[in-house]
Amino acid sequence: MTTILIKNAQVINEWQIFEADILIKNGFIHKIAKDIQDITDHKIDATGKYVMAGIIDDQVHFREPGLTHKGTIRTEARAAVAGGTTTFMEMPNTVPNALNQSLLAQKYQIGAETSLANYSFFMGASNDNLEEVLKTDARNVCGIKIFMGSSTGNMLVDDPNALEKIFSQSPMLIATHCEDEQTVKNNLEIFKQQHGANPSSAIHPEIRDVQACLKSSGFAMELAKKHNTRLHILHISTAEEAFLFDNLTPLHEKRITSEVCVHHLHFDKSDYELLGTQIKCNPAIKESRHKEALLRALLADHLDIIATDHAPHTWEEKQQNYWNAPSGVPLVQHSLNLMLEFYHQDKISLEKIVEKMCHAPATCFQIEKRGFIREGYHADLVIFSLDRHTKVSKENLEYHCAWSPFENKTFKSAVTQTIVSGHLAYSEGKFDERKMGKRLFFERN
C-alpha cells in the first residue's frame, strides 16, 4: 500500500480555502486534517503552496490511433499531468474514427497501457451508426460525440433524421461541436473569391462566424428540449451564445450544459497578426468582445466548465497557408497556468477556477469519486505555487508536436506536483510512469 502525506497545504475545495494536511492511502484520500502524524512512503511539504483537485478536461484530441505523428495518448497525457490535468475525456475523430464498440475498446486498451492520466473516451456518432451508439454503456463511457459542423476529421452528422434519432434515443450525455455547416461553406466560397491563394488567418472568424455558431447551438438546444436529451455543448466561442444557458438551475439538475475553452478566453482576433495559423481552431477565436462576454458568462455560471479542446498538429502542418493549415491548438500543458494568470489579474478567484475545472466536470458527467478533495475519493491532486514562474520553451514542452502558442511566455505560477489516483506521477519536472492512470466510471442510472 502506497502512502503519501501532504503537509501544510492551502487547500482549495468546495468554495473554501483552508490550511490542512492530506493523507493518501492506496490511491484514495484517507484523511484531511491539521497536523496529521503518520508513517508514509512519501512526504510533500506544501508550505506556501496550494492544493486543488486534479483538473478534469472534458475535451481533448490525443490523436491515437492513426494520427500518431501529431500526438499519442502517452505523450499528451504526460503533458496534461505536467500541467495539473489528472483526467481527460478524448474525442473520437482519430483514424479510424471511433464509431463502433470494437474501435472504442481499442482506445481504452491503449489508455490502460500508456496513459499517465486517468482517461475516458467518447463514442463517435455518424449519420448511420445509431445501432453502435445505442450499445454504449453509460457507466463506462463519458458520452456520445456529435460533430454538427465539420472540423478536423470526417465525422460530420448533417442528416436531420439521424440527429433526431440520436437525440431521441441516446443512452447518455451527448456532447456537440456546434457550427452550421452550410453557413461555413457559403462563407468559405465568398472569402476564397475575395482573398486569393494566401490570405491572412484573421479571416477565420469571418468564415466560421457568429451566425454559424449561434444557428447550430440553437438547433442542438431545440433538439435536446424536444427529446429531453442530456446535452453538453462544447467550446462556446461567441457572446451571442454565452448567455443562452441557464444559470439558475443547480448544475446536477441541468439537462443542457456548456463549456468554454481557455483559448477562447485568452486570445482574440488581434492575435492572428503575430500567431497566424498557430491559433487557427474550430470554432474560431473571434473579436475581443467575445472573450470578454465569455468570461462574464463563466463567472455568472451560464457557462459550466473550462476545458482546452487540446488538438495538436505538427509544426510543418501548421506552417502551411491559411487554406491548407489544419485547425487545432496544443493547450493542455498550460491550461491551469493560463487560468491562474486571470487570477493574478483579479479577474477570477481561485475557488472559481477549481469549481469550473474540477468540481463542475465531475458533476456534469457524474464521474465516480473524482473532482473534489474528500475523504474516500480518488486521490487526484495538484500542488502549485503562485510565486514560482513558468517559462514556456521547446525544451520543457511535453507535446509530441513540440510547439506551443505560448512559447517564450512566462506565466506567474507553476505546477510543482501532480498526483494521479494516489500515484505521484509528476514532481518538479520529473515523471514516474511505473503506474498508469485509471479508467473513469460514471454514476448513472
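Computed from the coordinates by the stated procedures, all read-outs in this text should not be read as laboratory data. Values in this document were obtained by computation on a predicted structure and should not be read as measured data. Every residue, glycine among them, receives a Cβ derived from its backbone with ideal geometry; neighbour counts consider all protein chains shown.
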Histogram of C-alpha separations across the stretch 1-137, 5 Å bin width, %: 2, 9, 16, 16, 14, 11, 10, 9, 7, 4, 1, 0
Choose one answer from L116, L265, L188: the residue with the largest mean-square fluctuation in a GNM of the chain with alpha-carbon springs under 10 Å. L188
Taking 30 Å as R0, compute the FRET efficiency from the Cβ-Cβ separation of E253 and L156 and round it to 0.05. 0.40
Quick calc: nm separation of the 7 Å Cα→Cβ label points for E368 and I190 -> 5.1 nm
Between the residues A79, H423, L295, the Cα farthest towards the positive end of the dipole of the chain, that dipole coming from +1 and -1 charges on the beta-carbon of Lys, Arg, Asp and Glu, is from H423
Which residue, H42, H290, H264, tops the fluctuation ranking in a GNM of the chain built on C-alpha contacts under 10 Å? H42
Long-range amide H partners of S421, meaning residues 5 or more apart or on another chain whose placed amide H is closer than 5 Å, are A379, D380, L381
Kindly give Rg over Rh for the stretch 303-445, based on alpha-carbon atoms, with the Kirkwood expression for the hydrodynamic radius. 0.98
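Need the full-extension length gain, S102 to K412, defined as separation in residues times 0.36 nm minus the C-alpha distance. One decimal, nm.
Numbers: separation 310, 0.36 × 310 = 111.60 nm, distance 4.44 nm.
Taking 0.36 nm per residue and subtracting the Cα distance, the gain is 107.2 nm.
Using Cβ contacts closer than 10 Å as the measure, can you line up T410, T2, T277 from fewest to most? Provide the component values of the computation, followed by the final result.
Working: T410 11, T2 15, T277 23.
Fewest to most other Cβ atoms nearby, the residues stand as T410, T2, T277.
Helix check for the chain. Which DSSP H runs span at least 15 Å along their own axis by Cα, with a mean Kyte-Doolittle hydropathy no less than 0.0? Spell out each step's value before the answer.
Working: long enough: 101-114 (20 Å, -0.39); 181-195 (21 Å, -1.39); 210-227 (26 Å, 0.03); 288-299 (17 Å, -0.13).
Those that clear 15 Å and a mean of 0.0 are 210-227.
For the stretch 153-242, what value does the Rg/Rh ratio take when both radii are computed over Cα atoms and Rh is the Kirkwood radius, given to two decimals? Could the numbers behind the result be given before it?
Working: Rg = 15.0 Å, Rh = 14.4 Å.
A ratio of 1.04.
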With θ set to phi - 60° and the Karplus curve 6.51 cos²θ - 1.76 cosθ + 1.60, what are the ³J(HN,Hα) couplings of the stretch 301-310 in order, to the nearest whole Hz, using x for Gly and Pro? 6, 6, 9, 9, 10, 9, 9, 10, 6, 3
Projected onto the charge dipole of the chain (+1 at Lys/Arg Cβ, -1 at Asp/Glu Cβ, origin at the Cα centre), which of I4, L223, I305 gives the Cα projection farthest towards the positive end? I4
Check which residues have an amide H placed less than 5 Å from K31's amide H, if you skip close sequence neighbours. L23
Return V420, V332, V51 ranked ascending by Cβ neighbour count within 10 Å, so the fewest neighbours appear first. V51, V420, V332
Using amide H atoms built 1.01 Å from N in the peptide plane, name the residues 5+ places from E287, or on other chains, whose amide H lies under 5 Å from its own. K269
With label points built 7 Å along Cα→Cβ from the Cα atoms of K135 and Q319, find their separation and express it in nm. 4.4 nm
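Rank the residues D268, D57, D304 as a footprinting-exposure proxy: fewest other Cβ atoms within 10 Å of their Cβ go first.
D268, D304, D57
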Residue-ordered couplings for the stretch 393-406, obtained by feeding phi - 60° into the Karplus form 6.51 cos²θ - 1.76 cosθ + 1.60 and rounding to whole Hz (Gly and Pro as x), are 9, 4, 5, 10, 7, 9, 4, 4, 6, 6, 8, 8, x, 9
Report the full-extension gain for the segment Q169 to K226: residue separation times 0.36 nm, less the Cα-Cα distance, to one decimal in nm. 19.3 nm
Which of R230, R388, R74 fluctuates most in a GNM of the chain (C-alpha springs under 10 Å)? That residue is R388
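Using the Kirkwood formula on the Cα atoms of the chain, what hydrodynamic radius do you get, in angstrom to one decimal? It would help to have the intermediate numbers written out before the result.
Values: mean 1/r = 0.0458 Å⁻¹.
About 21.8 Å for the chain.
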To the nearest 0.05, what FRET efficiency results for D38 and W15 with a Förster distance of 35 Å applied to their C-beta separation? 0.80
Which residues does the label zone of A300 cover in the stretch 243-280, counting backbone N under 17 Å from a point 7 Å along Cα→Cβ? 243-250, 258-260
Once you put a point 7 Å from the Cα of D45 and another 7 Å from the Cα of L386, both along the Cβ direction, what distance in nm separates them? 2.2 nm
Give the calculated FRET efficiency between A202 and S349 to the nearest 0.05, with a Förster radius of 41 Å applied to their Cβ-Cβ distance. 0.75
